[in-house]
Amino acid sequence: MLHWKIKGSGKEVLVLLHGFCEDHRVWYSLSDELQGFTLVQIDLPGFGESPVMEADLSIWAKEVDAVFKAEGIEQFHLIGHSMGGYVALAYAEAFPNQLKSLCLFHSTAYADTAEKVEARKKQVDFIQRNGVSPYVQQLIPGLFASDANRTLLEQQLAQAKEQSVVGLCAALEAMWARPDRTAVLLEAIYPVLLISGSEDTILSLEAQSELAAMPKQCSWTVLKHSGHMGMLEEPKLAAQVIKEFLARLA
Ligand code: MLT
């Protein structure tokens, strides 16, 4: 069973799925700005306090669903950061009727390119030979905008160093094996929110604008001072974007 943490007790339930090398703590700053909701912050397989599981995002989505069953939660707004967005899409594919809305926060519905798959395989090799610390030391600074707050970056790096070799390697495999899920956006029966960062070096705004054109109902916001970590880089603005999106659905 996965580990999760609930904050707040509002009528509307927001589920938060973190990204790669993160755990539920990545949402703390944003959560402080999201008063009045019930926030379900889940540690994905192999991260935080959750056990490592098979490297398959569809299986991870079922594990996420087990959390809702355990909590008696039937309908909610699902928010996924990057890798968490890939899990959110796998979840939406399997259980579309449970979603009130879907938010991809610095994420994509496209599958990995062949180059990306090769790069991930090399990363697995690197992590297995050298451990987590030197890997995340290279990775994390590049996720933030160029003028990022050093303390925030160091805090994120420290949390990334706490993750495990097996957890990171299973996640890399699960990500490279995931299929294209653009059909989930094209066929979405719920409103979709896309949040991007103008300084994100992983996701191009061109590709994000293609995704934004797919759902029948889509809102798209670009955070001007964020890289790939808007929930930490601009938590107040990100929360405002989410609250305004949710208010329009009410
Ligand atoms: C993440 O932040 O979760 C990663 O950038 C996802 C990825 O490597 O595709």
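Couple of notes before you dig in:
- Selection within the stretch 97-116 - more than 15 Å from the ligand (Cβ to nearest atom) and under 19 Å from the mean Cα position of the chain (by Cα): Q98, L99, K100, S101, L102
- The lone criterion from (1) of a type outside the set (A, V, I, L, M); (2) in contact with a Leu (Cβ under 7 Å, 6 or more places away or on another chain); (3) within 15 Å of the ligand (Cβ to nearest atom) left unmet by Y190 is number (3).
- Conditions (1) touching a Ser or Thr at 6+ places or on another chain (Cβ under 8 Å); (2) without any contact (Cβ under 8 Å) to a residue 40 or more places away in the chain; (3) open to solvent by 10 Å² or more (accessible area, probe 1.4 Å): number failed by V52: (2)
- Filter result for S29 (open to solvent by 10 Å² or more (accessible area, probe 1.4 Å) and within 16 Å of the chain's Cα centre (by Cα)): yes
- Residue satisfying condition, being free of Cβ contacts under 8 Å to residues at least 60 places away in the same chain, more than 16 Å from the ligand (Cβ to nearest atom) and acidic (D, E), within set E206, E199: E206
- Count of residues meeting criterion [more than 28 Å from L203 (Cα to Cα), in contact (Cβ under 8 Å) with a residue 60 or more places away in the chain and not hydrophobic (A, V, I, L, M, F, W, C)] in the stretch 1-39: 1
- Residue check, A70 of a type outside the set (K, R), more than 23 Å from P235 (Cα to Cα) and within 12 Å of the ligand (Cβ to nearest atom): no
- Test: residue in the stretch 127-135 that is more than 16 Å from the ligand (Cβ to nearest atom) and either open to solvent by 80 Å² or more (accessible area, probe 1.4 Å) or touching a Gly at 6+ places or on another chain (Cβ under 9 Å) (or both): yes
- Filtering the stretch 122-135 to residues that are assigned to a helix (DSSP H, G or I) and either more than 16 Å from V52 (Cα to Cα) or hydrophobic (A, V, I, L, M, F, W, C) (or both) leaves K122, Q123, V124, D125, F126, I127, R129, N130, V132, S133, P134, Y135.
- Note on the stretch 136-250: enclosed helices (runs of 4 or more DSSP H) holding 3 or more residues that are more than 21 Å from L102 (Cβ to Cβ), open to solvent by 80 Å² or more (accessible area, probe 1.4 Å) and not small (G, A, S) are 150-161.
- A119 vs. criteria open to solvent by 10 Å² or more (accessible area, probe 1.4 Å), among the aliphatic types (A, V, I, L, M), within 14 Å of the ligand (Cβ to nearest atom) and part of a helix (DSSP H, G or I): yes
- Scope the stretch 1-19; condition surrounded by fewer than 23 Cβ atoms within 10 Å (Cβ to Cβ) and part of a loop (DSSP other than H, G, I, E, B); matching residues: M1, L2, G8, S9, G10, K11, E12
- Residue count, the stretch 133-147 (criterion: more than 20 Å from the chain's Cα centre (by Cα) and aliphatic (A, V, I, L, M)): 0
- Subset of the stretch 20-52 (residues that are away from the ligand (no atom under 16 Å from the Cβ), aromatic (F, W, Y) and not in a helix (DSSP H, G or I)): F37
The values are calculated or read from the model by the stated rules, or taken from the named source; none is laboratory data. No experiment lies behind these values; they were computed from the predicted model shown. Reconstructed Cβ throughout: ideal geometry from the backbone, glycine too, with neighbour counts over all protein chains shown. For the accessible areas, the whole protein counts, side chains as well, though only heavy atoms, and no ligand, DNA or RNA atoms are used. Shrake-Rupley method; radii C 1.70, N 1.55, O 1.52, S 1.80 Å.
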